[in-house]
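For reference, the structure is listed below as structure tokens.
The values are calculated or read from the model by the stated rules, or taken from the named source; none is laboratory data. Only a predicted model underlies this, so the values are computations on that prediction, with no experimental measurement involved. All Cβ positions, glycine included, derive from the backbone under ideal geometry; neighbour counts span all protein chains shown.
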């Protein structure tokens, strides 16, 4: 069975690398190359201008080339993973993977360079000649002690950061995990006894990091393949010799007495159960050998149930993974033009990673690691790689340390501004949503969530309290809400951080059903039905709370069909002044934002309704700082079809023309003509606006919703919305696919005063 499983996994891994295109990387151009003019600027003669500018001022290379965001991932293949010396060519899949991680987690471009040279001095000489090409060098999978030689030569001769991840990346993550582990067991790093197995690059670097964090050299015991490193062993490796102790024994088991921290960077089953028993109470055991650690966690817990255990594996808690470090330390270093990555920057990285783990887990990380314990404690001492907060927090800390130590060559206005910039990268919606959040912080509105038991709602509520001036109200059963708050480790307290409405037992029940009955008594709703709805329908309850001014706005829709929710909202909240005009989705795409209307409300809107949707879309576009260019989209294009959608759009255009619109609009047209100004100019030379449209209003919800979903799935579009237009910001209906971050964005919109909202 296991053999079959292993073969299946092997084939899946190989297929992943081969299909649909061999390898994990490709090169894409960042500039258009569509015509002769583009070609003349990209290459001859225009490229000469960039060359001359750089010759005059070398710093301009960061402005006119990709150098400042380009890292070389370099290996000679002499120590690849646990595979050993497999050669430069066989190492290429690993280096490609490393480059992918740089791009994924920090937006850093990489070239992987596999160099067939085992002599460390010659290898270093080759690398140093690459300085004009790259902004930084990441050394990878070079055997010890050669890696020390290569790194030293490169750092001495190059004016760009050189970082050996196997050494320092591992050391930083181990350091962060240890800092938090010691906090939990209430021990001081200056007092603990450390036993380490593994005298390679990673082991030495980790021990050096422990010294930087305050550990005493006299308390560190290093063992390698030959046993304990002692002063009378005549150790030739100077890096190992530095940690030599006075001892007559060479056996690991003889130095385990009274150990507080075991650090394994060696091989499988190095630490036996009998050795483990010699450690002090509440031991910290980092068994990092892969795939089989020095000791299995189950054995550790059998001896010490309160032990803190970390491994290099993803199927156990506390995975020590270098991806927590290297993308972000390089991001911070590159952004300030650091000439090196020094000890202060590494320590800043350690502290930032450690601090992040002590905070409540992010909604994004929780979604990526469903079912895992994400609360700071013995099973969660370091954050998860897919926590988007790593980028702004860690990179900012590194950049600040670089500036403070004088190795930065670029200036940034303030660290807080830089952090916000990184947040915009980590959360694609951040930049567009910033004015919305600012408006929400200046207000103090009450937002009621109809589905208050949902994990996404709970996480969004916590973030809402932190990031806005608004107050959440949750509808849900107290026991369910409390148990889920505890499960997700959220520091929320009922009736302190938020108001809870229990639909099964609320003192206002009579007032609620009587209010609802009064609104609906001439629409077939009896008192008995009103009572039943106010006991079971959280959307209706939320609408009544808004109607009674007990809440300023409501959010619903994390489950159920959109129009079902809309029915109750319209029944309660629509009046002569307010009516549901349409649903707007702001799609954040790689090339910028695009507004889509109406995705939910009017299946086939009339010309009057279309004109109202256009007006509302324009108001909301400005809410996001977007000057509207609205295209009325149909299968008909500028009158070439006598279809229903074409006629409706043309009639809507006439209505808009009869009004004094302070925004640009045009129609009816195909969506490609809306987005391609060159195509549109050929079809309609006298178009009312130039450039691409930034808002598309469709003739029916089938088209609008279809485009919205295609952009989400095929173009990696991030949706802000749906935003319910026309109800004075009193209600919003989301869709079941919404994330906690999406709910937070909607809550900020709901929490903004209607004067700023439109």
Per the filter on region 676-693, residues part of a helix (DSSP H, G or I) and touching a residue at least 24 places away in the same chain (Cβ under 8 Å) are 683
Could you grab me the full set of residues in region 607-622 that are in contact with a helix residue (DSSP H, G or I) (Cβ under 9 Å, 6 or more places away or on another chain) and buried (at least 24 other Cβ atoms within 10 Å of the Cβ)? 610, 611, 613, 614
With the checklist (1) modelled with pLDDT of 95 or more; (2) assigned to a loop (DSSP other than H, G, I, E, B) in hand, flag the one item residue 82 doesn't pass. (1)
Single condition residue 533 does not satisfy, out of (1) within 27 Å of residue 376 (Cα to Cα); (2) free of Cβ contacts under 8 Å to residues at least 60 places away in the same chain; (3) touching a helix residue (DSSP H, G or I) at 6+ places or on another chain (Cβ under 6 Å); (4) part of a helix (DSSP H, G or I): (1)
Unmet criterion (only one of (1) closer than 18 Å to residue 741 by Cα; (2) touching a helix residue (DSSP H, G or I) at 6+ places or on another chain (Cβ under 6 Å); (3) buried (at least 20 other Cβ atoms within 10 Å of the Cβ)) for residue 469: (3)
Filter result (loosely packed, with under 10 Cβ neighbours inside 10 Å and closer than 23 Å to residue 64 by Cα) within region 5-36: 26, 27, 28, 29, 30, 31, 34, 35, 36
For residue 111, are the conditions met, namely being buried (at least 24 other Cβ atoms within 10 Å of the Cβ) and not in a helix (DSSP H, G or I)? no
Inside region 623-644, can you point out the residues that are assigned to a helix (DSSP H, G or I) and in contact with a helix residue (DSSP H, G or I) (Cβ under 8 Å, 6 or more places away or on another chain)? 623
Filtering region 145-185 for residues that are touching a helix residue (DSSP H, G or I) at 6+ places or on another chain (Cβ under 8 Å), part of a loop (DSSP other than H, G, I, E, B) and either surrounded by fewer than 22 Cβ atoms within 10 Å (Cβ to Cβ) or without any contact (Cβ under 8 Å) to a residue 24 or more places away in the chain (or both) leaves a count of 2
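Can you tell which of 539, 558 is touching a helix residue (DSSP H, G or I) at 6+ places or on another chain (Cβ under 9 Å) and in a loop (DSSP other than H, G, I, E, B)?
558
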Kindly check whether there is at least one residue in region 186-202 that is in contact (Cβ under 8 Å) with a residue 24 or more places away in the chain, surrounded by 18 or more Cβ atoms within 10 Å (Cβ to Cβ) and on the phi > 0 side of the Ramachandran plot. yes
Considering every residue within region 640-657, establish whether at least one is under 41 Å from the mean Cα position of the chain (by Cα), more than 19 Å from residue 589 (Cα to Cα) and surrounded by fewer than 17 Cβ atoms within 10 Å (Cβ to Cβ). no
For region 479-490, enumerate the residues that are free of Cβ contacts under 8 Å to residues at least 60 places away in the same chain and either in contact with a strand residue (DSSP E or B) (Cβ under 6 Å, 6 or more places away or on another chain) or surrounded by 15 or more Cβ atoms within 10 Å (Cβ to Cβ) (or both). 481, 482, 484, 485
Across (1) in contact (Cβ under 8 Å) with a residue 60 or more places away in the chain; (2) within 30 Å of residue 748 (Cβ to Cβ); (3) in contact with a strand residue (DSSP E or B) (Cβ under 8 Å, 6 or more places away or on another chain), residue 609 clears everything bar (1)
Could you pull out the residue among 596, 604, 588 that is over 30 Å from residue 517 (Cβ atoms), assigned by TED's automatic domain parsing to the domain that holds residue 618, touching a helix residue (DSSP H, G or I) at 6+ places or on another chain (Cβ under 7 Å) and at pLDDT 95 or above? 596
